[in-house]
1. Averaging the inverse of every distinct alpha carbon separation and then flipping it gives the Kirkwood radius. What is it for the chain, in angstrom units?
2. Can you give the longest stretch of the chain with no exposed loop site, where a site means chymotrypsin sites (Phe, Trp or Tyr not before Pro) in a DSSP loop (not H, G, I, E or B) with at most 10 other C-beta atoms within 10 Å?
3. What's the local net charge at residue 152, with K and R +1, D and E -1, over the other residues with C-beta under 12 Å away?
4. Pairs 243/410; 256/324; 273/352: which are spaced more than 27 Å apart, C-alpha to C-alpha?
5. Picking from 355, 263, 182, whose Cα lies most toward the positive end of the charge dipole for the chain (charges on Cβ: Lys, Arg +1; Asp, Glu -1)?
6. Gap in Å between the Cα centre of the stretch 311-338 and the Cα centre of the stretch 344-403?
7. Cα atoms only, the stretch 51-135: Rg and Dmax in Å?
8. Each residue of the stretch 317-331 in turn: what ³J(HN,Hα) in whole Hz from Karplus with 6.51, -1.76, 1.60 and θ = phi - 60°, glycine and Pro shown as x?
Amino acid sequence: MHTVAIQRRRHGAVTLLLVAAAVVLLSAAAQTAAAHRPRGCGVTSKYVRKHQTGTSMFVSWVTVEAEGNSTVLYGLAADKLDLAAEGTITRYTYYNYTSGYIHHATLTNLQHGTRYHYAVGVGVGDTVRAFWFTTPPAPGPDVPLRLGLIGDLGQTADSNSTLAHYESHQGDAVLFVGDLSYADKHPLHDNNRWDTWGRFAERSVAYQPWVWTTGNHEVDFAPELGELAPFKPFTHRYPTPWKASQSSEPYWYSVKLGPAHIIVLSSYSAFGKYTPQYKWVEAELKRVDREVTPWLFISTHVPWYNSNNFHYMEGEPMRAQLEKMAVDARVDAVFAGHVHAYERTHRYSNIKYNVTDGKCTPIADRRAPVYVVIGDGGNVEGLADELTWPQPAYSAFREYSFGHAVLDIKNRTHAYYAWYRNHDGNKVTADTMWFTNRYHMPNHDDSMTMITAKAAC
C-alpha cells in the first residue's frame with residue numbers, strides 16, 4: 001500500500017532500491033580441496049555446490065527521524081507475506097550532513113522468474129509501505145531477457161523524461177552505468193541530494209533489480225571538506241554482491257541474469273596489472289560458462305571508445321590494460337557512460353599497438369565487443385555537444401541527445417538493441433541493431449544487420 005504525504009513526513013521518508021544479487025554470502029564461500037584418501041580414512045569428495053545465481057535480492061530503504069524496524073516481510077501474495085528477513089542499519093556523516101537510518105536486508109531462497117511482494121516499516125507505530133518485484137529468469141542459454149540501459153541520470157526534468165520513457169517498456173532489470181545523484185555538483189557535496197534522488201528513482205528501483213556501476217560522481221572525495229574516504233555515500237546506500245562474486249571490493253563484481261553474465265568494473269579504482277581489480281577480472285573471465293550464459297557484457301563508467309571531445313581519451317588507460325582480455329574472451333558488448341551523449345561503435349579493436357610498432361589505429365575486428373556510450377540520462381551538467389571530426393571509422397552512430405536503451409536478448413544467438421531519444425516529451429527510436437553472439441556466431445558480421453541508415457562517407 002502507499003502512504004499519504006503527511007505520514008511520510010511524520011515517520012520519515014522511506015526510499016527504496018533493489019539491486020540484483022548473484023548469490024547470498026553463505027553460498028559464495030564454497031571452496032574445495034583435491035580429493036585424497038589417507039590410509040584408513042574415507043574419501044574427500046571434490047564436489048562443490050554451484051552458485052545459485054539470482055536467488056537473493058537486497059532491499060534497502062531510509063527512515064529519517066527514527067530507526068524503526070529493519071525487518072522485511074515478503075511472500076508470493078500481497079496478503080500473505082509469510083517470510084521475513086532481518087536487516088541491518090547504518091548511518092554516515094558527510095561534512096555538515098548526517099544521513100537518516102539506512103536499512104539493508106537480504107531476501108533469500110527466492111525462485112527465479114517469480115513475483116514477490118514485500119513490505120517495510122512493519123514495526124508498531126511505523127508507516128508500512130508495500131512493493132513487489134520479479135526475480136530475474138534462471139540462467140540458461142535461450143532464456144529471453146530484457147535489459148534496460150541507463151547512465152548519468154541525475155534528477156532533472158530530462159532525468160524524469162528518461163525514466164518515464166523507460167518505464168513505458170521496462171525490462172527484467174536495469175544495468176546502470178554510473179553517476180546517480182550528482183550530489184557533488186551542489187555546494188558542499190549536498191548529500192540531501194542523495195535522499196531526493198532515492199525518492200525520485202524509487203518508482204522503478206523498488207520494483208525491479210538495478211545493477212550499479214560507480215561513476216566519478218559517486219567518488220565524493222573532498223579533502224577540502226575533510227572527506228577523505230572515497231565512495232562514502234554510495235557504499236552506505238547501495239550494496240552490491242561483491243563477496244558473492246569473489247571480489248575484494250564492492251566496486252567490481254559480476255551478476256548472472258538469465259542468459260547474460262555481466263561484469264561490472266570500477267573506472268576509479270586501480271586496474272593496472274597485478275592490482276586486485278585486474279586479477280579479479282582475469283579470474284572472472286575464466287569462470288564464465290558461455291554454454292549457460294552465452295551473452296557476456298562489461299559495464300564500466302569511462303568509455304574505452306569515445307569520439308566526443310568531452311572526456312576524450314580518458315578511458316585509454318583501462319582500455320590499454322583490459323581490451324585484449326575482452327577481445328580474447330569474445331565479450332559481446334561494453335557499456336559505459338560518463339560522456340553525456342550517445343554513441344555506438346562497430347566491432348573494432350586496438351590491441352596490436354605497442355610503443356614501437358606504430359600500429360595504433362583501431363581496426364575492424366569481429367572478435368571485438370560493440371562499445372556503447374549511454375551517459376545521456378539527463379543530468380544537471382547538460383549534453384556533451386562537441387563531437388570530434390571527421391567521425392572515426394569505428395563509430396557507427398553518435399548523437400548528443402538525452403535518452404536510454406533497451407537490449408532484448410531473444411536466444412543464445414540473437415539480441416535486438418534499440419536506443420530511444422527523448423524528443424519533445426516523446427520516446428523516439430533513433431538507433432537499432434541486431435547483435436549476434438560472439439560465442440555461438442564468432443565470425444558473423446552483425447554490422448550488416450544495423451537498421452539505422454548510415455550516410456555515405
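The values are calculated or read from the model by the stated rules, or taken from the named source; none is laboratory data. As the structure is a prediction and not an experimental result, all values here were calculated from the model. Neighbour counts run over all protein chains shown; Cβ positions are idealised from the backbone, glycine included. For accessibility, only protein heavy atoms count, side chains too; no ligands or nucleic acids. Shrake-Rupley method; radii C 1.70, N 1.55, O 1.52, S 1.80 Å.
1. Across the chain, the inverse of the average 1/r is 22.9 Å.
2. Answer - 48-273.
3. On the way: positive: 185; negative: 158, 179, 218, 376, 381.
Counting the neighbours of residue 152, the net charge comes to -4.
4. On the way: 243/410 30 Å; 256/324 23 Å; 273/352 18 Å.
Over 27 Å apart, Cα to Cα: 243/410.
5. Selected residue: 263.
6. Each part reduced to its Cα centre gives a spacing of 10 Å.
7. Final numbers for Rg and Dmax: 14.0, 43 Å.
8. Working through the residues one at a time gives x, 5, 4, 4, 7, 10, 4, 4, 4, 5, 5, 4, 7, 6, 4 Hz.
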